[in-house]
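Below is one structure, written out as structure tokens; comments come after it.
The values are calculated or read from the model by the stated rules, or taken from the named source; none is laboratory data. This is a predicted model, so every value here is computed, not measured. No Cβ is skipped: glycine too gets one built from the backbone with ideal geometry, and neighbour counts run over all protein chains shown.
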Amino acid sequence: MVLAASALGADHPFLREWDTPFGAPPFGEIREEHFMPAFEEGMKQRRAQIDAITANPEPPTFENTIAALSTEGALLPKVSAVFWGLNSANTNDTIQKIAREVTPLLSKLSNEIAQNEKLFARIEKLYTDRSELGLGAEDRRLLEEEYKDFVRNGAQLSKPDKKRLSEINERLSMLSLEFGENILKEDNKFELVIEEKKDLSGLPENIVTKAAEVATERGHSGKWVFTLHKSSMIPFLQYSDRRPLREKIYTAYMNRCNHDDDLDNKALLTEMAALRAERSKLLGFETHADYILDENMAKTPKAVYEFLDRLWTPALAMSKREAAAMQKMIDAEGGAFQLATWDWWYYAEKVKQAEYALSDAMLRPYFQQDLVVKGAFDVARKLYGIEFVQRDDVPVYHEDVTVYEVKEADGTSIGLFYTDYYYRSSKRGGAWCSSFRGQSHEKGRRMAPLVINVCNNTKPPEGEPALMSLEEVETLFHEFGHALHSLFYAGTYRGLAGTPRDFVELPSQIMENWATEPDVMRSYAKHYETGETIPDALIEKIHKARYFNQGFETVEYLAASYLDMDWHTLTQAPDVDALKFEDRSMERIGLIPEIISRYRSYYFRHVFGGGYSSGYYSYIWAAVLDADAFEAFKETSLFDRDTARAFRKHVLSRGGTDEPMTLYKNFRGAEPKIEPLLKRRGLLQN
């Protein structure tokens, strides 16, 4: 039974000031029954705040309207950040039940505010008079963004259209939540149980040991279990000699939420596509992609498609050459079959060993997670002069979480950085960065950011080090880049911290460059048994293999980007057959049968269960930015302080306080060139 908000006492953890270091969430005191009452009280306070703004008899000013609106109140963002963080990283049935209960209520509140005519009238008056208000650049930017957000959320619609828009938004919020929950349940449900040791042929010892542990945890003692989580599935696909088993696990992976049962996502996603198309029409846009991209650097679907097309042709040609090389190996071994999607990782690993004498198994002993983390911290220290000091006195929500205080070179505190790197069944798949509190300087008081990185790496047996693949190392550096972006934001208003999707990946992707720089690798890549620094010969092999499998990696990613755009350039989609639609989308671009889209529609969490609809292209758009930006360091030196200072000043600290291209040009002096990315991926056409 949900308690009424009036029943909240002063000792309720969300209603009092937290006396923890940095005012961090006191996770040990927060219980599940605290969330819903706190949400209800937070929504009540937010409504009261809006009423106070609209009831103010004074003419609208920036302070009594825009600044007042942007200061959301203490409670709602406080409980939201903790709750949604746990729902992603450490969920359970009760938390998911609360999520389903509170989601429509939050959507309703959002719609109420966006469609409040008195509030919009005050904002519109200020927007109209903005040139005469004498506002500073950041205040003016906030005013313009608030006005635009209200218009994009239906403030100028008729009452019937506002009603329909509210219905659409509330329904979409629930569909998105259900879509993601279904994927997590599917991921946790599947088990590849191996009963005979001969079926472990080809698998490295550490992978076999972990599979035995998983089997014991899942009630299959004496056997071996592999799951659909990538830290389990990918090594199996890379090394297992049992082709039928590779087919079984990969087929299960690519058919998640496609079984016409209670976890099937096809009807959910087609309804979402239809509702998004309808909403865009209501708001004056031709398609959902037009609506979304109007806020992004790309601006139009045409620009995105032209960008993808420029990369697709050389990438597809490269992937065909890669497939041919693998087929040649299959034939040479006497394999009487055609290369299939579930074979790619296995034969890619064999080709890499044959052509470059390099394998994941050779690298993994050098990548101890603790040292990789230290390596990332060292890069940040050399670039920006900051330090990371572990804090054992900050409460955490799980034993796997570690907290660091981040300090400037002069000892000034920046904020807290949480890390949560190990896989568990209560955590959604993938890796991400989020915050328990964003940085702001509202009302003259600085609120320090509380930032977290979450990954799904394999947890080692007790007493053994966690060893990572090179891809996991790069992912850790990637998410660390997002964390630095959040930690360094220095704007006044929390509402201007965010950036468009096709710019937000620049700070994360540029950090990946340092992960494989020889001098950086030597600093953190130490053999877990001998302590030996990774040999130069091995680093050289990594760099010689930098173009290896780039056709596959680029093609599977671009295919998903096309799929996202195709779904969201529909003008209507009420009766679309999801499977046929996806087939037509992939046929149109000529995707080869040996590769599938990185995400099939029914488990494409980024666009149907997250915030990347019409924006999955952003990663490679930002790759153009990061390749060009990293050239600035290569032109000076890897840790050039002046270049790093300029990147922090013009990009990392600015959030959304100016147009992204303006921020980029302020750093680089010119718009980015695509050639560094094409060169990096071996896609330059002669």
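Restricted to the stretch 109-143, and to residues there that are acidic (D, E) and over 17 Å from A68 (Cβ atoms), the residue that is surrounded by the fewest Cβ atoms within 10 Å (Cβ to Cβ) is E132. Given the condition touching a residue at least 24 places away in the same chain (Cβ under 8 Å) and more than 22 Å from G438 (Cβ to Cβ), answer yes or no: does some residue in the stretch 65-88 qualify? Within the stretch 65-88 (the criterion being touching a residue at least 24 places away in the same chain (Cβ under 8 Å) and more than 22 Å from G438 (Cβ to Cβ)), the answer is no, since none of the residues qualifies.
Those helices (runs of 4 or more DSSP H) of the stretch 215-291 in which at least 3 residues are closer than 30 Å to R152 by Cβ and basic (K, R), considering only elements entirely within it, cover 266-282.
Of all the residues that make up the stretch 429-444, how many are more than 18 Å from S80 (Cα to Cα) and within 20 Å of the chain's Cα centre (by Cα)? Adding up the residues that qualify gives 3. Considering (1) under 30 Å from R522 (Cα atoms); (2) out of contact with any Asp or Glu (no Cβ under 9 Å at 6 or more places or on another chain); (3) surrounded by fewer than 19 Cβ atoms within 10 Å (Cβ to Cβ); (4) free of Cβ contacts under 8 Å to residues at least 60 places away in the same chain, the lone condition that E587 does not fulfil carries the number (1).
Residue-by-condition table, conditions (1) over 30 Å from L570 (Cα atoms); (2) touching a Cys at 6+ places or on another chain (Cβ under 7 Å); (3) surrounded by fewer than 18 Cβ atoms within 10 Å (Cβ to Cβ):
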{"residue": "R171", "(1), (2), (3)": "no, no, yes"}
{"residue": "I194", "(1), (2), (3)": "yes, no, no"}
{"residue": "E205", "(1), (2), (3)": "yes, no, yes"}
{"residue": "K248", "(1), (2), (3)": "yes, no, yes"}
{"residue": "A277", "(1), (2), (3)": "no, no, no"}
{"residue": "L283", "(1), (2), (3)": "no, no, no"}
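Residues that are buried (at least 17 other Cβ atoms within 10 Å of the Cβ) and either β-branched (V, I, T) or outside any loop (DSSP other than H, G, I, E, B) (or both) within the stretch 85-94 comprise G85, L86, N87, S88, A89, T91, listed in sequence order. Residues in the stretch 130-166 that are polar (S, T, N, Q) and part of a helix (DSSP H, G or I) were compared, and the one that is farthest from R494 (Cα to Cα) is S166.
Suppose the filter is under 24 Å from H478 (Cα atoms), surrounded by fewer than 16 Cβ atoms within 10 Å (Cβ to Cβ) and at pLDDT below 95; does K649 pass it?
Values: under 24 Å from H478 (Cα atoms): yes; surrounded by fewer than 16 Cβ atoms within 10 Å (Cβ to Cβ): yes; at pLDDT below 95: no.
No.
Within the stretch 255-275, track down each residue that is within 14 Å of H568 (Cβ to Cβ) and crowded, with 19+ Cβ neighbours inside 10 Å. The answer is L269, T270, M272, A273, L275.
So that you can scan it fast, the table gives a plain yes or no per residue for (1) over 21 Å from the mean Cα position of the chain (by Cα); (2) under 24 Å from D577 (Cα atoms):
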residue: N258; (1), (2): yes, yes
residue: D262; (1), (2): yes, yes
residue: L283; (1), (2): yes, no
residue: H288; (1), (2): no, yes
residue: N296; (1), (2): no, no
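So that you can scan it fast, the table gives a plain yes or no per residue for (1) closer than 23 Å to V403 by Cα; (2) in contact with a Ser or Thr (Cβ under 8 Å, 6 or more places away or on another chain); (3) in contact (Cβ under 8 Å) with a residue 60 or more places away in the chain; (4) assigned to a helix (DSSP H, G or I):
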residue: F477; (1), (2), (3), (4): yes, no, yes, yes
residue: L487; (1), (2), (3), (4): yes, no, yes, yes
residue: A490; (1), (2), (3), (4): yes, yes, yes, no
residue: I510; (1), (2), (3), (4): no, no, yes, yes
residue: G551; (1), (2), (3), (4): no, yes, yes, yes
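Residues that are in a strand (DSSP E or B) and either among the β-branched types (V, I, T) or modelled with pLDDT of 95 or more (or both) do occur in the stretch 390-397, at least one of them. Among residues of the stretch 312-332 that are over 16 Å from R243 (Cβ atoms), those with a Cβ under 6 angstrom from a residue that is of a type in the set (F, W, Y) and surrounded by 15 or more Cβ atoms within 10 Å (Cβ to Cβ), sequence gap 6+ or separate chain, pair up as S319/F552; E322/F552.
Assess whether I596 counts as being in contact (Cβ under 8 Å) with a residue 12 or more places away in the chain and not in a helix (DSSP H, G or I). Lay out the reasoning, then the answer.
Details: in contact (Cβ under 8 Å) with a residue 12 or more places away in the chain: yes; not in a helix (DSSP H, G or I): yes.
For I596, the condition - in contact (Cβ under 8 Å) with a residue 12 or more places away in the chain and not in a helix (DSSP H, G or I) - is met.
Filtered by the rule that a residue be part of a loop (DSSP other than H, G, I, E, B), touching a residue at least 60 places away in the same chain (Cβ under 8 Å) and in contact with a helix residue (DSSP H, G or I) (Cβ under 6 Å, 6 or more places away or on another chain), the stretch 356-385 gives L358, F367.
Among the numbered conditions (1) of a type outside the set (K, R); (2) touching a residue at least 40 places away in the same chain (Cβ under 8 Å); (3) assigned to a loop (DSSP other than H, G, I, E, B), the only one that C433 does not meet is (3).
Among the residues of the stretch 325-340, are any closer than 23 Å to E472 by Cα and of a type outside the set (A, V, I, L, M)? Looking through the stretch 325-340, none of the residues is closer than 23 Å to E472 by Cα and of a type outside the set (A, V, I, L, M).
Pairs meeting the criteria (first residue in the stretch 215-228 and of a type in the set (V, I, T), second residue surrounded by 22 or more Cβ atoms within 10 Å (Cβ to Cβ) and not in a helix (DSSP H, G or I), beta carbons under 9 Å, at least 6 apart or on different chains) are V225/I194. Taking the criterion of being in contact with a Phe, Trp or Tyr (Cβ under 6 Å, 6 or more places away or on another chain), in contact (Cβ under 8 Å) with a residue 12 or more places away in the chain, surrounded by fewer than 16 Cβ atoms within 10 Å (Cβ to Cβ) and assigned to a loop (DSSP other than H, G, I, E, B), would at least one residue in the stretch 606-622 satisfy it? Among the residues of the stretch 606-622, not one is in contact with a Phe, Trp or Tyr (Cβ under 6 Å, 6 or more places away or on another chain), in contact (Cβ under 8 Å) with a residue 12 or more places away in the chain, surrounded by fewer than 16 Cβ atoms within 10 Å (Cβ to Cβ) and assigned to a loop (DSSP other than H, G, I, E, B), which makes the answer no.
Is it true that some residue in the stretch 512-533 is acidic (D, E), surrounded by 19 or more Cβ atoms within 10 Å (Cβ to Cβ), outside the structural domain of N206 (by TED's automatic domain parsing) and within 29 Å of S637 (Cα to Cα)? Within the stretch 512-533, one or more residues are acidic (D, E), surrounded by 19 or more Cβ atoms within 10 Å (Cβ to Cβ), outside the structural domain of N206 (by TED's automatic domain parsing) and within 29 Å of S637 (Cα to Cα).
When the stretch 48-63 is filtered for residues that are out of contact with any helix residue (DSSP H, G or I) (no Cβ under 7 Å at 6 or more places or on another chain), within 19 Å of F150 (Cβ to Cβ) and either assigned to a helix (DSSP H, G or I) or among the aromatic types (F, W, Y) (or both), the ones remaining, listed by number, are Q49, D51, A52, A55, E63.
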